[in-house]
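The values are calculated or read from the model by the stated rules, or taken from the named source; none is laboratory data. Bear in mind that the values here come from a model prediction, so they are computed numbers and not experimental data. FYI the Cβ positions are ideal-geometry reconstructions off the backbone, even for glycines, and counts take in every protein chain you see. Just the protein is used for accessible areas: all its heavy atoms, side chains included, with ligands, DNA and RNA removed. Shrake-Rupley method; radii C 1.70, N 1.55, O 1.52, S 1.80 Å.
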Amino acid sequence: MKTTEQFSEALRVMPLSKKISMVVMLGLVVAGFALMISWVNRINYQVLYSNLADEDASSIISKLKEQHVPYRLEGGGSLIMVPADKVHETRLVLAGERLPRGGNVGFEIFDKTNFSTTEFVQRLNYQRALQGELSRTIGEFREVDHARILIVLPKDSLFIEDTKPPTASVLLKLRSSLSQDKVAGIVHIVASAVEGLAPEQVTVVDTTGKVLFKGPHQGDQTALFTSNKLDYQRQVEKKIAGRVQSMLEGIVGTGKAIVRVSAEIDFDQIDLSEEKYDPDNTVVRSRQRKAESSAKGGKNPTTPALNTGQAEIPSQGAEPSTRSQKEDEVINYEINRVTRRIIKPSGTVTRLSVAAVVDGTYDVVTNEDGSKTKKYIPRSSKELGEFENIVKRAMGYNADREDQVQMSCFPLSVSTITEEVQAEEVVETGWMQYIKPYIKPAINLLLGIVVFLFVVRPLLRSAKGVFTTTGISRTLPATTEGLESASLPESEAKTIRDKTMMVAKKDVDKTQQVLRGWLGER
């Protein structure tokens with residue numbers, strides 16, 4: 001009760017300016033502590049799932065409410081955030097519930113079977129499940145934000161000539177551009193998942209209306225082939241440029257070499273059949289020989305021997321006759337022939353042109369005023385010749401193709417900036433990963449010290465001075481006349497000035513406190 005009375009008396013005698021300052025400081029103290037407590041105890045939310053369909057977001061929120069997990073919705077309801085310490089646990093629980101489903105119904109539609117379901121409904125459910133599973137599979141591509149697939153399965157017919165092939169349409173919402181290799185992969189995924197579906201019957205379109213793939217029998221594929229050729233050319237140029245630049249940067253330093261490659265590629269596919277004959281080289285294929293001999297005249301002519309190899313035997317008593325002999329020989333020759341079939345693949349590099357620029361060297365020069373600057377020194381012709389030989393080996397130089405290499409040396413202003421930026425990134429990456437967990441506790445401690453030094457401590461000093469002044473003013477008279485009557489005898493005191501001097505000399509400390517109290521009241 002005494003303390004309360006002292007505090008009330010102190011507030012009563014306190015000047016208005018001090019009352020206002022104490023109220024302001026007290027408000028700052030309360031606000032600082034409230035801010036610090038709310039900042040320390042606030043919940044750190046992290047992303048649970050993003051890019052959710054409305055059906056999946058609704059199902060996930062229902063599960064979070066059942067488990068009493070706090071959450072926040074952002075991005076128009078497509079982004080759900082939960083406390084950081086519950087992210088992994090919540091994901092596992094939702095995975096057990098088969099969430100999220102990607103906004104599509106998969107084969108889980110058959111988990112609950114109903115014997116009253118008709119064949120038409122079963123067939124329709126199978127089609128929906130197949131479309132949903134394919135949409136989820138294609139959605140795993142990093143470039144694909146959302147995929148929707150429509151499959152047309154024609155009815156079976158008793159007649160083969162009336163059978164129609166299935167078709168499929170794929171609509172893609174892309175985050176970034178999709179290469180033709182990945183487009184072809186999506187087409188084959190869809191074609192392999194549907195029975196009887198050929199890749200030519202699949203159409204892929206993005207949400208901007210651009211046709212990414214269309215079967216060769218459904219329209220002109222010139223643009224697609226041209227795009228494939230350009231992509232292949234860029235890949236060849238990028239691969240060669242990266243190989244050359246990495247080798248040069250290993251010698252002159254990172255960011256001190258620039259390489260550009262231009263490749264001329266022959267995309268014509270040639271199927272050549274060649275047949276050559278050599279008349280100088282002949283081979284006997286077959287030989288046929290025929291000899292005949294005969295005799296005329298005489299009574300008993302001899303019987304001719306046709307290529308028997310036996311001599312004729314004349315009959316006894318025969319007269320001399322005329323003999324004739326005939327020989328025929330047929331030789332068939334095979335002319336030497338060479339038959340070749342050459343198939344030249346498309347995408348053959350016919351010419352390469354490489355332009356490479358390297359930075360020179362720098363010497364540190366001290367000026368007259370003591371400042372230091374860098375002096376550029378170009379590389380010698382011998383060094384550039386060695387670099388050119390290195391580039392030729394790295395690019396696969398071929399003189400028959402008339403490849404070209406241009407090697408130059410210029411000061412690169414980008415190199416210094418690149419080195420400084422990389423150094424800052426390395427330093428930041430190095431020490432930030434260790435300090436980041438302690439940033440929040442350090443800020444809390446610093447905030448507490450600042451509040452104590454600049455708010456609490458001055459407030460305590462002001463309150464202590466007020467209490468001290470109030471106590472002294474109660475023990476001492478409020479006026480000089482009261483001080484005179486209470487402290488000095490009448491006989492010894494002649495004037496007020498003499499009485500005051502005597503009191504001051506008798507108790508110096510008490511006099512100082514009184515004077516400070518009077519000055520404080522003014």
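When restricted to residues that are within 20 Å of Gly242 (Cα to Cα) and in contact with an Asp or Glu (Cβ under 8 Å, 6 or more places away or on another chain), the range 357-391 contains 0. Scanning the range 143-186 for residues that are among the β-branched types (Val, Ile, Thr) and modelled with pLDDT of 85 or more returns Val144, Ile149, Ile151, Val152, Thr167, Val170, Val183, Ile186.
In this structure, Asn44 does satisfy being modelled with pLDDT of 75 or more and open to solvent by 50 Å² or more (accessible area, probe 1.4 Å).
The set of residues from the range 241-277 being open to solvent by less than 50 Å² (accessible area, probe 1.4 Å) and assigned to a strand (DSSP E or B) comprises Ala257, Val259, Val261, Ala263, Ile265, Glu274. For Asp328, the requirement of being touching a strand residue (DSSP E or B) at 6+ places or on another chain (Cβ under 6 Å), of a type in the set (Asp, Glu) and at pLDDT below 80 is not met. Of all the criteria given as (1) modelled with pLDDT of 80 or more; (2) part of a loop (DSSP other than H, G, I, E, B); (3) in contact with a helix residue (DSSP H, G or I) (Cβ under 8 Å, 6 or more places away or on another chain), the one not satisfied by Gly103 is (1).
Listed by first and then second residue, the pairs with beta-carbon distance under 6 Å, at least 6 apart or on different chains, first residue in the range 96-120 and more than 16 Å from Gly139 (Cβ to Cβ) and open to solvent by less than 80 Å² (accessible area, probe 1.4 Å), second modelled with pLDDT of 75 or more and assigned to a helix (DSSP H, G or I), are Ile109/Asn125; Ile109/Ala129. At least 2 residues being under 30 Å from Pro441 (Cβ atoms), touching a Ser or Thr at 6+ places or on another chain (Cβ under 6 Å) and charged (D, E, K, R) is the threshold, and among the strands (runs of 3 or more DSSP E) wholly inside the range 31-95 not one reaches it.
For the subset of the range 223-240 comprising residues that are of a type in the set (Ser, Thr, Tyr) and open to solvent by 60 Å² or more (accessible area, probe 1.4 Å), which member is farthest from Met407 (Cα to Cα)? Can you show your working first?
At the first step, the residues of the range 223-240 found to be of a type in the set (Ser, Thr, Tyr) are 226-227, 232.
With the extra rule that they be open to solvent by 60 Å² or more (accessible area, probe 1.4 Å), the set shrinks to 226, 232.
Numbers: Thr226: 32, Tyr232: 26 Å.
Here the residue is Thr226.
Within the range 55-93, the set of residues being crowded, with 16+ Cβ neighbours inside 10 Å and closer than 19 Å to Gly132 by Cα comprises Asp56, Ala57, Ser59, Ile60.
A quick yes/no check of all residues on (1) of a type outside the set (Phe, Trp, Tyr); (2) open to solvent by less than 90 Å² (accessible area, probe 1.4 Å); (3) in contact (Cβ under 8 Å) with a residue 12 or more places away in the chain:
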site	(1), (2), (3)
Asp328	yes, yes, yes
Arg340	yes, no, yes
Ser346	yes, yes, yes
Ser353	yes, yes, yes
Val365	yes, yes, no
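Looking across the range 139-155, just one residue is surrounded by 12 or more Cβ atoms within 10 Å (Cβ to Cβ), outside any strand (DSSP E or B) and out of contact with any Lys or Arg (no Cβ under 9 Å at 6 or more places or on another chain), and that is Gly139.
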